[in-house]
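The values are calculated or read from the model by the stated rules, or taken from the named source; none is laboratory data. The model shown is predicted, which means the values in this text are computed figures rather than measured ones. All Cβ positions, even for glycine, are placed from backbone atoms using ideal geometry, and neighbour counts span all protein chains on display.
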Amino acid sequence: MKIDMAFVEDLSGYRVGRPPRPTGGLTVDGASIDAEVCAESKCDNCGHQGMEYHPFFRDEPRSYRAFMVCPECNEVFEF
């Protein structure tokens with residue numbers, strides 16, 4: 001699904017995709033958790049159960065933004 005990014009804050013410098021997985025020691029893969037949260041979430045707009053996960057990552061300065069998109073009504077939520 002393509003996100004209508006017209007209303008989303010500036011994403012210049014970001015690329016579509018998850019941040020690199022953490023390495024070494026006890027680490028948490030936040031992007032995997034975010035994907036699970038999306039799959040289990042309900043749309044605030046239409047009530048559809050099961051949102052799509054759309055991650056964006058920037059290297060410098062390092063930043064990660066995640067969006068939920070409803071496959072039913074195309075509403076987009078940043079979380």
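Points worth noting:
- Some residue of region 50-62 being exposed (fewer than 12 other Cβ atoms within 10 Å of the Cβ) and either within 13 Å of F79 (Cβ to Cβ) or among the polar types (S, T, N, Q) (or both): no
- Listed by first and then second residue, the pairs with beta-carbon distance under 7 Å, at least 6 apart or on different chains, first residue in region 35-47 and farther than 20 Å from Y64 by Cβ, second modelled with pLDDT of 95 or more and exposed (fewer than 13 other Cβ atoms within 10 Å of the Cβ), are K42/Q49.
- Residue within region 17-27 that is at pLDDT 90 or above, out of contact with any strand residue (DSSP E or B) (no Cβ under 6 Å at 6 or more places or on another chain), exposed (fewer than 12 other Cβ atoms within 10 Å of the Cβ) and not acidic (D, E) present: no
- Restricting attention to region 23-44, the residues that are under 18 Å from P61 (Cβ atoms) and assigned to a loop (DSSP other than H, G, I, E, B) add up to 0.
- Matching residues, region 45-71, being of a type in the set (K, R), more than 12 Å from the chain's Cα centre (by Cα) and part of a strand (DSSP E or B): R58
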